[in-house]
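Report on the structure given below.
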Amino acid sequence: MALRRILVANRGEIALRIVRAARGLGIETTLAASAADRDSLAAREANRVVVIGPPSARDSYLNPRLIVHAATATGCDGLHPGYGFLSERQSLAALCDEAGVVFVGPTAASIEAVGDKLSARRLAKAAGIPMTQGSEKLASATEAVAFAEEVGFPVVTKASAGGGGRGMVIARDASALVDGFERASIEAKEAFGDGTLYVERYVERARHVEVQALGLGDGRVLHFGERDCSLQRRYQKMVEEAPAAALPELTRRRLHRAAVDLLASIRYRNAGTVEFLYDVERDDFYFMEVNARIQVEHPVSEMITGVDLIRLQLEIAGGDTPAIQQHDIVAKGHAIEARIIAENPDRGFAPSPGRIRVWRPPHGPGIRLDTAMEEGADVPPFYDSMVAKLIVYAPDRPAAVERLRAALESFVVEGVSTNIPFLRGIAQHPDFISNRVDTRWLESVFLPQYGQPKEA
């Protein structure tokens with residue numbers, strides 16, 4: 001049965017994106033907004049707004065029982081969590097099931113199976129997907145050192161319960177691992193409520209490559225090509241591309257097959273991303289994790305395939321089987337996304353909340369802007385400070401890079417500081433233009449040239 005009314009349990013550009021996709025399907029929307037977002041652009045476009053709490057994310061967007069209550073109290077038969085916040089919480093999907101509300105995302109069982117990285121690694125191993133050497137959960141730094149000495153340094157600690165760089169420490173010797181282990185565990189505990197760590201062999205020269213997939217819930221899984229998300233600062237992505245132009249074609253096909261096989265093995269439903277490390281020197285890839293939700297960078301996959309992934313999410317959640325099949329999904333051209341963030345790179349990337357006085361984004365062929373910002377809008381200090389996603393598309397990568405450079409040059413924002421000047425520097429760098437980057441390039445090469453100290 002098709003969805004009639006959904007609660008949009010998010011904010012900013014992704015909330016607006018969901019509202020507009022739902023409207024295109026004839027689905028009513030109720031926006032769950034904090035007091036800080038009650039007058040946002042998404043709130044103005046939704047059919048109805050329900051204020052769920054004060055600006056504090058903990059007391060609004062991060063309260064699963066409050067979110068589900070808002071859905072049932074407003075007569076919603078579905079709930080879309082967007083990304084971030086509660087989107088990968090098994091508890092939210094389970095509460096939706098109990099309340100008879102359709103969760104627009106994977107099943108609670110699937111989220112539980114892949115949400116824990118150690119569990120996901122076991123699934124990947126069973127599916128025959130290559131992985132770096134990694135431990136099971138570790139109780140102490142002593143156990144971590146013993147494993148690292150067995151497989152060889154360098155290694156990296158990872159939080160079993162989450163991602164986004166929380167709980168990650170690269171250690172090149174036993175002393176660094178001992179020093180970082182407890183710090184990483186505390187960080188993971190604060191971020192995810194679980195300080196469990198494990199250790200993997202660290203790949204020195206790697207690219208972050210991920211496959212966008214969509215499970216139909218019956219064992220069939222579609223993929224929409226891969227993305228290269230190697231430009232990162234402190235494990236946070238800044239620029240993403242599709243396709244991953246550095247991959248040889250045979251490796252690309254193997255990567256797609258691995259992602260599909262893994263998600264098919266658990267009869268995955270709805271959108272998900274399987275993330276890999278691509279070892280440039282060995283021309284091989286290793287499984288990292290599954291993100292059981294739509295991701296920030298999904299627009300580049302949409303641009304090269306011409307498919308609206310949010311619309312497909314809503315159709316699948318409503319019980320429809322999309323007419324699209326794998327042979328219908330053909331990747332063409334090249335797309336690049338740059339995250340526009342209200343922060344000041346010259347002051348250590350400090351957040352820059354405030355009111356936007358001037359907002360003049362670029363326009364033209366091959367330019368897409370996903371945002372909920374406009375002149376006079378406020379950037380609140382309570383949440384992630386991303387204000388827009390600039391996406392460019394062109395027939396090939398060189399043309400897309402040039403379009404990105406030109407679009408960033410014409411993007412004017414006043415009233416708050418943004419990372420636009422920083423992104424302009426990346427777009428003009430010879431290494432980026434020639435696609436000679438890896439996951440450490442931004443911190444080890446670009447930041448020192450930009451005038452920031454090299455980051456560990």
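Between A400, A407, A372, which is in contact with a helix residue (DSSP H, G or I) (Cβ under 6 Å, 6 or more places away or on another chain) and in the same structural domain as R339 (by TED's automatic domain parsing)?
Criteria check complete, one pass: A372.
For segment 382-401, which residues satisfy the criterion of being buried (at least 21 other Cβ atoms within 10 Å of the Cβ) and in contact with a Gly (Cβ under 7 Å, 6 or more places away or on another chain)?
V392, Y393
Considering only segment 320-349, state which residues are among the small types (G, A, S) and modelled with pLDDT of 95 or more.
A331, G333, A335, A338, A342
For residues that are surrounded by 19 or more Cβ atoms within 10 Å (Cβ to Cβ) and over 16 Å from the mean Cα position of the chain (by Cα), tally how many sit in segment 217-237.
Total meeting the criteria: 3.
Which one of these is of a type in the set (S, T, Y) and surrounded by 19 or more Cβ atoms within 10 Å (Cβ to Cβ): S352, S410?
Testing whether each residue is of a type in the set (S, T, Y) and surrounded by 19 or more Cβ atoms within 10 Å (Cβ to Cβ) leaves just S352.
Does G163 qualify as being in contact (Cβ under 8 Å) with a residue 40 or more places away in the chain, surrounded by fewer than 23 Cβ atoms within 10 Å (Cβ to Cβ), within 30 Å of P345 (Cβ to Cβ) and not assigned by TED's automatic domain parsing to the domain that holds Q313?
yes
Tell me, please, whether a residue that is closer than 24 Å to I426 by Cα and hydrophobic (A, V, I, L, M, F, W, C) can be found in segment 323-333.
No: zero hits.
What do you reckon, is V114 touching a helix residue (DSSP H, G or I) at 6+ places or on another chain (Cβ under 6 Å), at pLDDT below 95, under 30 Å from A2 (Cα atoms) and not assigned by TED's automatic domain parsing to the domain that holds L216?
For V114, the condition - touching a helix residue (DSSP H, G or I) at 6+ places or on another chain (Cβ under 6 Å), at pLDDT below 95, under 30 Å from A2 (Cα atoms) and not assigned by TED's automatic domain parsing to the domain that holds L216 - is met.
Return yes or no: is V392 hydrophobic (A, V, I, L, M, F, W, C) and within 30 Å of P154 (Cβ to Cβ)?
No.
The values are calculated or read from the model by the stated rules, or taken from the named source; none is laboratory data. None of these values were measured; they are calculated from a predicted model. Note that we place each Cβ from the backbone using ideal geometry, even for glycine, and neighbour counts take in every protein chain shown.
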